[in-house]
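Encoded as structure tokens, the structure appears first; notes follow it.
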Amino acid sequence: MAEFFRELRTTTGLNFTIFYDPFDARRFGYAFLMTCKLSVLSVVLSLIIGVAGAFAQGARFAPLRWVVAGYIAFFRNTPPLVQMYFFFFALGAITPTVPDDIGMEVPMVSSFTWALVALSLFAGAFNVEIFRSGIEAVPRSTVEAAESLGYSRLGAYRAVVLPLAFRVCLPSLNNNLVNLVKTTTLAYAIGVPEMLYVANQIWSDSLNVTEMMNVLLLLYIGLVTLLVWIMHRWERALRMPGYGT
Amino acid sequence: MDTPLVSIQAVHKRFGDLEVLRGVSLDVARGEVICIIGPSGSGKSTLLRCVNALVRPESGRITVAGIDVTAAKLDPIALRRRVGMVFQQYNLFPHRTALQNVMMAPVSVLKQDKREVEARARALMAKVRLQGKEGAYPGELSGGQQQRVAIARSLCMQPDVMLFDEVTAALDPETVKEVLVTIRDLAEEGMTCLLVTHEMGFARDLADHVYFTDRGVIVEHAPPAEFFGNPKDARTREFLGQVL
Ligand SMILES: Nc1ncnc2c1ncn2[C@@H]1O[C@H](COP(=O)(O)OP(=O)(O)OP(=O)(O)O)[C@@H](O)[C@H]1O
Ligand SMILES: [Mg+2]
């Protein structure tokens, strides 16, 4: 394989260093894993935020509802890149540092963690709204039936409301999660070595912008396709016989 | 006489400006079947919903099997394992099979052993004449079948009292009967039942006592023979004249 790409370079000038240069292969491999890790973790965290936030929005305790409303307003109405900078520069500056193994002071919270926090909160804000629309589609009478069977509010939420709400809002959830995976590239801005960041390093060294661009696009298409496939599998597993198609 | 299983005393309930219940009192002994009839909007559903605390009245007192339903710090789970409720619109959980619908609450609310609950649930499915439909989803069942699953679901909690709120009103005439037969079986086994119904024939045959409500008060109540044979109040006569 390495031979083939070396050949390709001499015959056509197309320079895919990541397929024959071990150094580039390794750093780009890590970058790919970094993007996967950032995507998976932020998808999971944003779902948790969405579920918890939508539950809190229905709470009787008004201040809790205000907090959720404020959170949504903030993260929905500001650009995600600005949020990323805010976490990294504003909050990163006031979090303590610890000495690393060679005695350098490094921040306790890594840029990866800040990126993860920013992305999860950003996508989570949309997820809260998405879940809420699903929850509002669950008939009040169905919830009352659960309550009549002794379910607490939380119990009814877990056993009845959420599973039904999920089915309603999966398509919009799908969209938001696809967006989230693509938005992980913003972590580039605070130096997280994910795919875009490392691709940039590689094309600065080898001047192969076009080649790396194509690799990047294909890999993102692959990742998003995988996500959409998983979501469709899930949608099918949740199908309710006798309802819809 | 024993203390009644369900006791409702001077219950008042308003929604905003609308006084829906204006001092309703009635007692139901264990094993008794009572029917509540009356015009639309007279507060029948609200009254039933007060009994299992889906609605909290402003004043008055309700007790069920020794539990003070109107207490400020009511334990709803303790109450609702005693009181089953069946609704007009069945309200099954559409993402669970019929059997799962029946089993869910005893397993996850009462924390009962899953195998015991399953045995009981299967027996109840047979009792409501739905053997073979255990694996069907609500969307795959007819209205009458769904309603019988809903009855089995309530019974699986092993309640002392069953509340039925116009449970046949959404059904077509042929399927009404299959649901009424199920309720009759239940009543004949000695289950205490509070029914809101428009099925006058059913009330006459099955009830131990019939209550007629209008505009938030009980206008008249009597055993069915007397109630239907010789209604005293003019409003009762007018209502019966319309529906019979
Ligand atoms: N949650 C609520 N909020 C506001 N008004 C309500 C509520 N529930 C019931 N009502 C009103 O209270 C009145 C009595 O309602 P209820 O459902 O108890 O009547 P009903 O006797 O069961 O009538 P029907 O035969 O039509 O079922 C109605 O006017 C209804 O609009
Ligand atoms: Mg009603």
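The values are calculated or read from the model by the stated rules, or taken from the named source; none is laboratory data. Since we're looking at a predicted model, the values are computed, not measured. Here Cβ is always computed from backbone atoms with ideal geometry, including for glycine, and neighbour counts include all displayed protein chains. Quick note on the areas: whole protein, heavy atoms, side chains included, nothing else; ligands and nucleic acids left out. Shrake-Rupley method; radii C 1.70, N 1.55, O 1.52, S 1.80 Å.
Quick rundown of the values:
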item	result
Mean residue ellipticity (222 nm) of chain B, computed from DSSP H runs ≥ 4 via -39,500 (n - 2.57), nearest 500	-11000 deg cm²/dmol
Label-point separation, B:Ala126 to A:Thr12 (7 Å along Cα→Cβ), nm	7.2
Amide hydrogen neighbours beyond the local backbone of B:Ser142, cut-off 5 Å, H modeled	none
Surrounding net charge for B:Val176, when Lys and Arg each add one and Asp and Glu each subtract one, Cβ distance under 13 Å	-2
Positive-end extreme of charge dipole, the protein assembly as shown - chosen from A:Leu218, A:Ala146, A:Ser206 (charges on Cβ)	A:Ala146
Structure-based [θ]222 nm, chain A - -39500 (n - 2.57) summed over DSSP H runs of at least 4, per residue, nearest 500	-23500 deg cm²/dmol
GNM flexibility winner over chain A from A:Met34, A:Met195, A:Met213 (Cα, springs under 10 Å)	A:Met213
Relative contact order %, chain B, counting alpha carbon pairs below 8 Å whose residues are six or more apart	26
Theoretical gain in end-to-end length, A:Phe61 to A:Arg153 [0.36 nm per residue, Cα-Cα removed]	31.8 nm
Extension reserve of the B:Arg14-B:Lys114 stretch, reckoned as 0.36 nm per residue once the Cα distance is removed	31.8 nm
For the protein assembly as shown: rounded, prolate or oblate by the Cα gyration tensor [a/c cutoff 1.5]	prolate
For region B:105-218: rounded, prolate or oblate by the Cα gyration tensor [a/c cutoff 1.5]	prolate
Amide N of region A:140-158 lying under 12 Å from the label point, which is placed 7 angstrom from the Cα of B:Leu74 along Cα→Cβ	A:148
Computed FRET value (nearest 0.05) for B:His198 with B:Arg61, which takes r as the C-beta separation and R₀ as 30 Å	0.55
Part-to-part distance (alpha-carbon centres) for region A:108-176 and region B:180-200, which is given in Å	39
Of all accessible heavy-atom area on region A:1-157, the percent that carbon and sulfur account for (1.4 Å)	71
Residue-span extension gain [A:Val44 to A:Val98] - 0.36 nm each, minus C-alpha spacing	16.6 nm
Formal net charge of residues neighbouring B:Glu140 (Cβ-Cβ distance under 13 Å; K, R +1; D, E -1)	+2
Selected from B:His198, B:His12, B:His95 as most flexible by GNM, with chain B as the system and alpha-carbon contacts under 10 Å	B:His95
Residue of B:Val181, B:Val102, B:Val128 that the Gaussian network model of chain B assigns the largest fluctuation, springs spanning Cα pairs under 10 Å	B:Val181
Assigned charges on the beta-carbon of Lys, Arg, Asp, Glu; the protein assembly as shown dipole about Cα centre (debye)	160
Relative contact order (%) - chain A, alpha-carbon pairs under 8 angstrom, separation at least six	25
Estimated FRET transfer efficiency when R0 is 51 angstrom, pair B:Ser40-A:Arg236 (beta carbons, to 0.05)	0.75
Label-zone membership for region B:87-119, site B:Gln158, 7 angstrom Cα→C-beta point, backbone N under 18 Å	B:102-119
At least 15 Å along the helix axis (C-alpha) and Kyte average at least -0.5, DSSP helices within chain B	B:98-108, B:143-155, B:173-188
Rounded tilt (10° steps) of A:162-183 against the dominant C-alpha axis of chain A	20
Reach of A:Lys182 by Cα under 23 Å, taken over lysines that are not fewer than 8 positions away in the same chain	A:Lys37
Contact order normalised by residue count of region B:1-102, Cα under 8 Å, 6+ apart, percent	26
Per-residue average of Cβ from other chains inside 10 Å of A:141-147	6
Per residue, in Å², the accessible surface of chain A once ligands and nucleic acids are set aside, probe 1.4 Å	52
Net charge of neighbours whose Cβ lies under 11 Å from the Cβ of B:Ala121, counting Lys and Arg as +1 and Asp and Glu as -1	+3
